[in-house]
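Since the structure comes first, as structure tokens, the remarks are kept for the end.
The values are calculated or read from the model by the stated rules, or taken from the named source; none is laboratory data. The model shown is predicted, which means the values in this text are computed figures rather than measured ones. Here the Cβ positions follow ideal geometry from the backbone for every residue, glycine too, while neighbour counts run over all protein chains shown. Accessible surface areas use protein heavy atoms only, side chains included; no ligands, DNA or RNA. Shrake-Rupley method; radii C 1.70, N 1.55, O 1.52, S 1.80 Å.
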Amino acid sequence: MTTRTSPVLLVLGSPSQAETERHRGPADRFADPLSPVANALDLGITRGDGIFETITVVGGIPQALDAHLARLERSASMLDLPAPHLAAWRAGVFAAIDQHTEVPEAFVKLLYTRGVEGSGLPTGWVWMQPSGDFSRERTDGIDVVLLDRGYPSTVAQTSPWLLQGAKTLSYAVNRAALREAHRRGADDVLFVSSDGLLLEGPTSTVILKLDGRLVTPRPDFGLLPGTTQESVFEIAAHNGYSTGYEALTPADLRRADAAWLVSSVRNAAPIRSVDGAPQTVDAHLTESLNTGLASRTT
Ligand code: PLP
């Protein structure tokens with residue numbers, strides 16, 4: 001580890017499997033994240049045509065790395081991007097960690113775009129920076145509003161071109177939803193389908209403690225399969241809870257014994273109110289989930 005606390009950026013020479021096999025592209029290089037690095041004609045910038053992953057790093061260990069790389073591959077396939085060269089991305093994650101000062105919590109971002117228009121070559125880069133302090137959200141909880149996403153829960157099957165469930169760079173809608181939550185005096189959003197089912201947050205998965213079980217909406221409702229939710233289910237199963245993927249409604253949320261929005265970096269944030277109505281917080285279980293998440297070794 002070096003002594004850098006500022007972001008560290010690594011530009012990948014060969015982000016796709018095909019490119020690596022053809023030995024194209026410059027060698028991987030570290031760059032100054034504050035200097036212009038990306039090409040102005042990159043389709044990731046001009047069209048939001050690309051994908052990303054955000055991976056928490058605790059004590060120098062990237063959390064759920066395999067799950068994040070598998071999801072990068074899944075998103076690439078949904079966008080018809082060339083298959084990412086996972087070994088290069090994995091090496092990129094460790095190279096960024098190695099260049100960064102060890103801080104208690106940080107995150108690594110993987111960016112993979114369709115590349116400069118007309119070049120046919122994708123672009124890839126990796127950066128790492130210290131995480132913010134989420135202790136308040138993890139303990140006091142968050143105020144959430146329900147917002148209609150405007151799509152039915154069948155959208156992934158009926159209209160796969162809408163890319164629901166892919167982690168694309170087109171997050172302007174998700175950012176707008178968060179601003180709407182702030183306008184309503186809340187911290188975060190839980191999207192609801194046009195047919196009345198709970199979906200996910202703009203950057204998180206919802207988990208309910210319902211009838212003594214931990215449950216989350218079914219990913220086939222056009223949801224991003226959450227790596228944190230998967231880890232939470234493993235931790236919960238280890239603590240004797242049964243878990244499941246279900247069709248859940250706002251009424252289920254209201255009667256839940258506890259609920260969380262879970263995501264990389266912030267981890268498990270208990271929901272303390274929904275549309276202004278108080279929601280029960282299970283402080284003990286929240287703490288054990290966050291302790292379990294922070295102590296992942298893979
Ligand atoms: N759902 C969406 C739409 C997201 O953007 C994210 C993360 O950013 C999640 C769920 C949670 O995924 P993870 O737990 O892998 O961070």
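Listed values, structure above:
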quantity: Interchain or long-range residues, amide H under 5 Å from residue 191's placed H; calculated: 147, 199, 200, 201
quantity: Inverse of mean 1/r across different Cα pairs in the stretch 139-182, Kirkwood, Å; calculated: 12.5 Å
quantity: Cα-based Rg of the chain normalised by 2.2 N^0.38 Å, two decimals; calculated: 1.01
quantity: Highest-first arrangement of 61-70, 34-43, where packing means the average Cβ count within 10 Å; calculated: 61-70, 34-43
quantity: C-alpha long axis of helix 86-99 to longest principal axis of the chain, angle in °; calculated: 90 degrees
quantity: Interchain or long-range residues, amide H under 5 Å from residue 259's placed H; calculated: 209, 271, 282
quantity: Heavy-atom accessible area ranking, 1.4 Å probe, most first, across 191, 30; calculated: 30, 191
quantity: Cα-based helix-to-principal-axis angle, 65-78 vs the chain, degrees rounded to 10; calculated: 80 degrees
quantity: Share of carbon and sulfur in the accessible heavy-atom surface of the stretch 147-298 [1.4 Å probe, %]; calculated: 53 percent
quantity: Relative contact order (%) - the chain, alpha-carbon pairs under 8 angstrom, separation at least six; calculated: 19 percent
quantity: The stretch 207-298 - percent relative contact order, Cα under 8 Å, separation 6 or more; calculated: 30 percent
quantity: Helix 283-294 vs. the chain, principal-axis angle (Cα, 0 to 90°, nearest 10); calculated: 20 degrees
quantity: Where the stretch 112-245 is the region considered: accessible area per residue in Å², 1.4 Å probe; calculated: 44 Å²
quantity: Distant-in-sequence amide H partners of residue 224 (H built 1.01 Å from N, under 5 Å); calculated: 165
quantity: The stretch 156-193 versus the stretch 203-237: alpha-carbon centroid distance in Å; calculated: 17 Å
quantity: Kirkwood Rh and Cα Rg combined as Rg over Rh, evaluated for the stretch 8-132; calculated: 0.95
quantity: When the convex hull of its Cα atoms is projected in every direction, mean area for the stretch 136-295 (nm²); calculated: 8.7 nm²
quantity: Debye-sum result for the stretch 170-251 in log10 I(q)/I(0), which assumes one identical scatterer on each alpha carbon, at q = 0.16, 0.17, 0.18, 0.24 Å⁻¹; calculated: -0.65, -0.73, -0.80, -1.18
quantity: Computed label-point distance, nm, for sites residue 117 and residue 230 using a 7 Å Cα→Cβ extension; calculated: 3.6 nm
quantity: Cβ crowding within 10 Å averaged over residues, with 283-290, 178-185 ranked highest first; calculated: 283-290, 178-185
quantity: Hz values of 3J(HN,Hα) by residue in the stretch 104-119 - Karplus curve (6.51, -1.76, 1.60), Gly and Pro given as x; calculated: x, 9, 9, 9, 10, 10, 10, 10, 9, 10, 6, x, 5, 3, x, 7
